[in-house]
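Single-structure report; data block below.
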Amino acid sequence: MIIAETERLLIRNWRDEDRDLAFEINSDERVMEFFPFRRNRAEADAFLERVRSMIAETGLGFYALEDKATGAAIGFCGLARTDHLEPFVKKGTVEIGWRLSARFWGKGFASESARALLVHGFETLGLDEIVSFAVHNNIRSTAVMERIGMQRVDGGDFNHPGVPDSHPHLQRHVLYRLAATEWRSARTV
Ligand SMILES: CC(C)(COP(=O)(O)OP(=O)(O)OC[C@H]1O[C@@H](n2cnc3c(N)ncnc32)[C@H](O)[C@@H]1OP(=O)(O)O)[C@@H](O)C(=O)NCCC(=O)NCCS
């Protein structure tokens, strides 16, 4: 299942041959710096299966990014409904999120895929808004949010309820948002 195509990437559902990459991006210390968990091989395989089924069943989820030049997966970028962040994010709001192998940082792949997914979300799915959130000092991630035109929500910072007290430095999150109306008017400028 192909969701979108960009100049350099295919945004598609996962395949069995993506398992090594899924393990890499769920276990690498650099990639997982802002997450309170790491996944072992079995857990990463289960993650891939979970996400693959969600995409097949709902059309939403963290899609695999394939580098068209090599045919290999390099990470994910996706759209997913948040259902666990009330009252900070209304249940059902769609978030955009990303995680790339560190081997592919600094090449513009995250922003390229995210821009295509904004088109998919606003034009194909007809969403009214898309949000994104990150640990407050995850500057690489908030830079992607800003590059694709999202704006930080004033007063929107929150302590993520899913981050355990054992990791207090990962609790404070910033919230970004983009409304379909703002996205459309920025596109026509
Ligand atoms: C967050 C993350 C996806 C950002 O990746 P990234 O590669 O920095 O982001 P982009 O794809 O937007 O790339 C931008 C960089 O590529 C550079 N670049 C190089 N070639 C480029 C090209 N052809 N087009 C655009 N940018 C290019 C840009 O100059 C920019 O460099 P800079 O960071 O030195 O300013 C990545 O750091 C990651 O996976 N982090 C770990 C997981 C994570 O924390 N996820 C977010 C949780 S909320």
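Derivation of every value follows stated rules applied to the coordinates shown; laboratory data play no part. Computed from a predicted structure; not experimentally measured. No Cβ is skipped: glycine too gets one built from the backbone with ideal geometry, and neighbour counts run over all protein chains shown.
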field: Eligible lysines near K107 by straight Cα distance, threshold 27 Å, same-chain separation 8 or greater
entry: K68
message: Can you order the peptides 100-112, 153-165, 34-46 by their average number of other Cβ atoms within 10 Å per residue, highest first?
response: 100-112, 34-46, 153-165
- prompt: Of T93, T82, T58, which has the largest mean-square fluctuation in a 10 Å C-alpha GNM of the chain?
  reply: T58
query: How far, in nm, would the chain grow between D157 and H169 when pulled straight, counting 0.36 nm per residue and subtracting the alpha carbon separation?
result: 2.9 nm
query: Lys/Arg Cβ at +1, Asp/Glu Cβ at -1, dipole of segment 19-120 taken about the Cα centre: which of S113, G75, F37 is farthest positive-ward?
result: S113
- line: In whole µm²/s, the translational diffusion coefficient that Stokes-Einstein assigns to segment 1-130, given a Kirkwood hydrodynamic radius over C-alpha pairs, 10 °C and 1.306 mPa s, equals 106
- request: Starting from the Cα coordinates of segment 1-76, work out the convex hull volume and express it per residue in Å³.
  value: 95
query: Of all DSSP beta bridges located in segment 2-188, what percent are antiparallel, nearest 5?
result: 95
